[in-house]
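Working notes for the structure below.
The values are calculated or read from the model by the stated rules, or taken from the named source; none is laboratory data. Everything quoted here is computed from the prediction, not taken from an experiment. Cβ sites come from the backbone with ideal geometry, for glycine too, and all protein chains shown count toward neighbours.
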Amino acid sequence: MKRFWKKLAEMLVTLLGVTFLTFCLSVLAPGDPAAMVLEAGDHIVSEELLAQTRHEMGLDQPFLVQYGRWLGGVAHGDLGLSYSAKKPVAEKLMEGSTGTFFLAAVTVCFMLIISLPLGIWSAVHRNWLPDYLVRVGSFIGVSMPNFWLGLILLYVFGLKLGLFPITSSSVTAKGVVLPALTLAIYQSAKYVRQVRTVILDELHQDYVVGARARGISERRILYLHILPNALLPLITLLGMSIGWLLGGVAVIEVVFSWPGIGNMAVHAITMRDYPLVEGFVLWIAIVYMVINALVDLSYAYLDPRLRRSIGKGGEA
């Protein structure tokens, strides 16, 4: 219980620091949100109207007063009102998170389907032609900018072949394929090498040598003994990837016009929509912290040694 409260306190301090820094950067950024709102509404911007709008938006108050008011609203579940959309920030985040969650889920599925078999295949055929082909392919995949790969896939499969839509104004199964595949190829290029390294390390462990001496088949050793032990070091990478995806992959979402939270954040920054930007940063920080906590819990679940050490710590 003591460990839980310590972890919670660390998360709250981190959230406070991240939001304070973001608020500082928003104030220091060039441009006037009030003027952006008036210009977007086709108003004739006069000094009187600009001053009135700044007062209504609370921008004429000192920085600490603005931050304290926003922080008090967050404590009561109110993230403020979006300047550009004239909607609550929480509602806008929910709208964008639907597309981002769907994109992240499909990407992770594609990534596991690509990286796990190729990484295992490369490790089993170490220093053979299949291993060299996989390693060269993963090197090329890591080197390619993902937005460039996305444009290539969009041109070939969207424009030339017409198999998938070029833009996606709504969350659809057909529209998610190309952005998810783009992200999955980029991520898989890193995962293949990690899976290969972990499998190779496990192949030289004593329990593998003992299993072979007892006459257990290589396939059984691989799937029943090596893979479960190889999962633990890969969970951290998977957790980081999920956090990265749930934070909104802004570049890919913009390239494919995918209605996700990253695309929404880019628009918010362009419009100087500070409440929406603050809400987005808060969302990313919470997502990464939750994913990190889940990874720690999964470690304790998958590794009995950690469970015993935690149990002894709790008793102490």
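For every residue, the table says whether it meets (1) in a helix (DSSP H, G or I); (2) free of Cβ contacts under 8 Å to residues at least 40 places away in the same chain; (3) under 23 Å from ILE252 (Cα atoms).
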site: THR53; (1), (2), (3): yes, yes, no
site: ASP60; (1), (2), (3): no, yes, no
site: MET94; (1), (2), (3): yes, yes, yes
site: ARG126; (1), (2), (3): no, no, no
site: PRO130; (1), (2), (3): yes, yes, no
site: VAL134; (1), (2), (3): yes, no, no
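Does at least one position in segment 211-225 carry a residue that is part of a helix (DSSP H, G or I), assigned by TED's automatic domain parsing to the domain that holds ASP131, modelled with pLDDT under 85 and polar (S, T, N, Q)? Scanning segment 211-225, I find no residue that is part of a helix (DSSP H, G or I), assigned by TED's automatic domain parsing to the domain that holds ASP131, modelled with pLDDT under 85 and polar (S, T, N, Q), so the answer is no. Inspection of segment 198-206 finds a residue satisfying the criterion of being surrounded by fewer than 15 Cβ atoms within 10 Å (Cβ to Cβ), out of contact with any Asp or Glu (no Cβ under 8 Å at 6 or more places or on another chain) and assigned to a helix (DSSP H, G or I). If you go through segment 73-97 and pick out every residue that is in contact with a Leu (Cβ under 7 Å, 6 or more places away or on another chain), within 17 Å of PRO33 (Cβ to Cβ) and among the aliphatic types (A, V, I, L, M), you end up with 1.
Residue check: TRP70 meets all listed conditions (1) in the same structural domain as GLY279 (by TED's automatic domain parsing); (2) touching a residue at least 60 places away in the same chain (Cβ under 8 Å); (3) not small (Gly, Ala, Ser) but one, namely (1). Considering only residues of segment 256-269 that are touching a Ser or Thr at 6+ places or on another chain (Cβ under 8 Å) and assigned to a helix (DSSP H, G or I), which is surrounded by the fewest Cβ atoms within 10 Å (Cβ to Cβ)? Here the residue is HIS267. Restricting segment 145-160 to residues that are surrounded by 14 or more Cβ atoms within 10 Å (Cβ to Cβ) and without any contact (Cβ under 8 Å) to a residue 60 or more places away in the chain, which is farthest from ILE226 (Cα to Cα)? The qualifying residue farthest from ILE226 (Cα to Cα) is GLY158.
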